[in-house]
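S.K.: Shown below is the structure under consideration.
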Protein chains: 2
Amino acid sequence: MTYCVGLYLDEGLVMLSDTRTNAGVDHISTFCKMQVEEIAGERMIVLLSSGNLAISQAVWNRLQEGVWLDGQQHTLRDVPTMFRAAQLAGAAVRAVFDADGPALSAQNIAFDIALLLGGQIGGQPQRLFMVYAAGNFIEATADTPFLQIGEHKYGKPILDRALTSATTLADGVKLALISMDSTLRSNLTVGMPLDLLVYREGTQRVALRRRITEDDAYFRAVRDGWSNSLRDAYRAMPGPDWVPG
Amino acid sequence: MTYCVGLYLDEGLVMLSDTRTNAGVDHISTFCKMQVEEIAGERMIVLLSSGNLAISQAVWNRLQEGVWLDGQQHTLRDVPTMFRAAQLAGAAVRAVFDADGPALSAQNIAFDIALLLGGQIGGQPQRLFMVYAAGNFIEATADTPFLQIGEHKYGKPILDRALTSATTLADGVKLALISMDSTLRSNLTVGMPLDLLVYREGTQRVALRRRITEDDAYFRAVRDGWSNSLRDAYRAMPGPDWVPG
């Protein structure tokens, strides 16, 4: 399993992924699920993946070597718009499906892949997409300013309640880490370390990329602080006066 | 879908279920998923169910009419221990599987059922079980003092963080309602009203049974108060000093 989340904020993008992969609970590894294409000042595109690792890596390799789209080969370094970038990622997924789908199907292995693709090219708006295994995709908007792939349920309530597109990048990092922490606690196949990327709108370059390990002081403060806050918050709420004492 | 949660606390049991059933998003109904057998002062047994409604109702009906266990017919009103009650519920599930499983399988319908069974008989300890579709079961202990069936993921983080077996009944009600609220917000197939039962250890009678509707003042206070508390809590946490301003 995997948990990746992307926040689509007025100030920019916050992208966070775990690094655990597993082929059964007795075969656990660490792989980076975040890939970045940057031409500093011109474009910044970040790709997060969940699902089958072989499919994810095949998609990423194809995107680097060039994927056919409308009769021409492209990479994320030469597509003219973020919409074309999402189409290209979808085309890469479909190309892997064409190449590997029948063999996977013969082994009863699901074609399991999902991508988050965020970024900005030139003076165009920043955008954030989620690409499905069928190669089609949806886009985040201000109404729902986050997208998740992988094990998304444990970490969703805090985002539903606290995140808006007006959330600052620093608060977005905080919320993404809280959301990830809820997931880490509840699903063993989501694991440390984490890969974090922060992008500031209008800059076309990575603002921050950070690997967050178990001994990261800030993440530890978030984990402990959040647990304490939740306990304090529920204790401070009045109890029902109709529960017999 | 359904969400039911049972808390196994030193002071007693808190059992909470939603009431929504659906056969597709365009076919939604309200059914009570909580059944109680009480011989006041002698035994109190409560059963919550998730999964296929026809299977759930068949299980409950069989339990009321009598289920064969070790060569004798029993109901929840005459089993001598809670362990036997859990065995009887499992036997009822297996009887429904024997009767309906082949026909369901022919229609490609999964045999989907899970039960929470809690209660206390005479001077024996109170117990809380989760019964699976195979009729086998597990039991809550002080290490993990809650069990969930149905859509359990959204509502789990707050229980993981805040609940212990020393939690009071009033705080348990609060936490169960917070856990339910997180689930209601994220899964449309879990819906109001709610059915709540509180049992005080050592009494062998229901302490409180309450249907909680949309306009229940306390539940509304929990919903609004909790959202506000979460927002305040995350805002009060310091931001990372390494996010570029």
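S.K.: Any idea what the B:ALA142 label distances to the other copies are, label 7 Å down the Cα→Cβ vector, nm, shortest first?
M.R.: When each copy's label point is compared with this one, the spacings are 5.4 nm.
S.K.: To continue, here is another question. How tilted is helix B:217-236 with respect to the longest principal axis of chain B? Cα atoms for both, answer in degrees (0 to 90, nearest 10).
M.R.: 50 degrees
S.K.: Let me ask another. Calculate, axis by axis, the spread of Cα positions in the range A:115-227 along the three principal axes, and write the results as whole Å, longest axis first.
M.R.: 40, 31, 24
S.K.: Now for a different question. What relative contact order, as a whole-number percentage, does the range A:24-169 give when Cα pairs under 8 Å and 6 or more residues apart are counted?
M.R.: Contact order relative to length: 22 percent.
S.K.: Ignore the peptide's own chain and count Cβ atoms of other chains within 10 Å of each Cβ in A:169-175; give me the average, rounded.
M.R.: Going residue by residue through A:169-175 and averaging, the value is 5.
S.K.: Right, here's the next one. Send over the Kirkwood Rh of the range B:26-149, from the inverse of the averaged 1/r over different Cα pairs, rounded to one decimal Å. Spell out each step's value before the answer.
M.R.: Numbers: mean 1/r = 0.0671 Å⁻¹.
Result for the range B:26-149, one decimal place: 14.9 Å.
S.K.: Using the structure shown, list the pairs from A:LYS153/B:LYS33; B:LYS33/B:LYS153; A:LYS153/A:LYS174; A:LYS156/B:LYS153; B:LYS153/B:LYS174 with a Cα-Cα distance above 21 Å, or answer none.
M.R.: A:LYS153/B:LYS33
S.K.: Please get the size of the charge dipole for the protein assembly as shown, origin at its Cα centre, with Cβ charges of +1 on Lys and Arg and -1 on Asp and Glu, quoted in debye to the nearest 20.
M.R.: With only Lys, Arg, Asp and Glu charged at Cβ, the dipole is about 320 debye.
S.K.: I would also like to ask the following. Using per-residue counts of other Cβ atoms within 10 Å, averaged over each peptide, order B:36-44, A:182-190, B:135-143, B:113-121 from highest down.
M.R.: Top to bottom by mean Cβ count within 10 Å: B:113-121, A:182-190, B:36-44, B:135-143.
S.K.: Per DSSP helix of 4 or more residues, -39500 (n - 2.57); summed, then divided by the residues of the protein assembly as shown. What does that give at 222 nm, rounded to the nearest 500?
M.R.: Values: 10 runs with 166 residues, N = 490.
Roughly -11500 deg cm²/dmol at 222 nm, from the helical runs in the protein assembly as shown.
S.K.: Next question. What nm distances, shortest first, do you get from the label point of B:ARG211 to those in the other copies when the point sits 7 angstrom along Cα to Cβ?
M.R.: Result for B:ARG211, in nm, nearest copy first: 5.8.
S.K.: Moving on. So how compact is the range B:3-236: Cα radius of gyration and Dmax in angstrom?
M.R.: Rg then Dmax for the range B:3-236, in Å: 17.7, 62.
S.K.: Compare the Cα positions of A:PRO145, A:GLN124, A:TRP226 along the charge dipole of the range A:3-233 (+1 at Cβ of Lys, Arg; -1 at Cβ of Asp, Glu; about the Cα centre) and return the one farthest towards the positive end.
M.R.: My answer, from the dipole projection, is A:TRP226.
S.K.: Rounded to the nearest 20 debye, what is the charge dipole size of the range B:3-236 about its Cα centre when +1 sits on each Lys and Arg Cβ and -1 on each Asp and Glu Cβ?
M.R.: Approximately 320 debye in magnitude.
S.K.: Quick one: label points 7 angstrom along Cα→Cβ at B:ALA110, distances to the other copies in nm, smallest first?
M.R.: Label-point distances to the other copies, shortest first: 1.0 nm.
S.K.: Then there is this: Between Rg and the Kirkwood Rh of the protein assembly as shown, both from Cα atoms, what is the Rg to Rh ratio?
M.R.: 1.02
S.K.: For a footprinting-style exposure proxy, rank A:GLU151, B:GLU214, A:GLU201 by other Cβ within 10 Å, fewest first.
M.R.: Ranked by crowding around the Cβ, least crowded first: B:GLU214, A:GLU201, A:GLU151.
S.K.: Continuing with the same structure: So what is the relative contact order for chain B, in percent, with contacts set as C-alpha pairs under 8 Å and at least six apart?
M.R.: RCO, chain B: 27 percent.
S.K.: Follow-up question, since we're still on this one. Please report which chain B residue places its beta carbon nearest the axis carrying chain B onto chain A, with the distance rounded to a whole angstrom.
M.R.: Spelled out as residue then distance in Å, it is B:LYS153, 2.
S.K.: Once Lys and Arg get +1 and Asp and Glu get -1 on their Cβ, which of A:PRO244, A:GLN35, A:ILE109 lies farthest toward the positive end of the dipole of the protein assembly as shown?
M.R.: Value: A:PRO244.
Here, each number is a calculation from the coordinates, and none is a lab measurement. The model shown is predicted, which means the values in this text are computed figures rather than measured ones. A quick note on method: Cβ atoms are made from the backbone with ideal geometry, for glycine too, and the neighbour counts reach across all protein chains shown.
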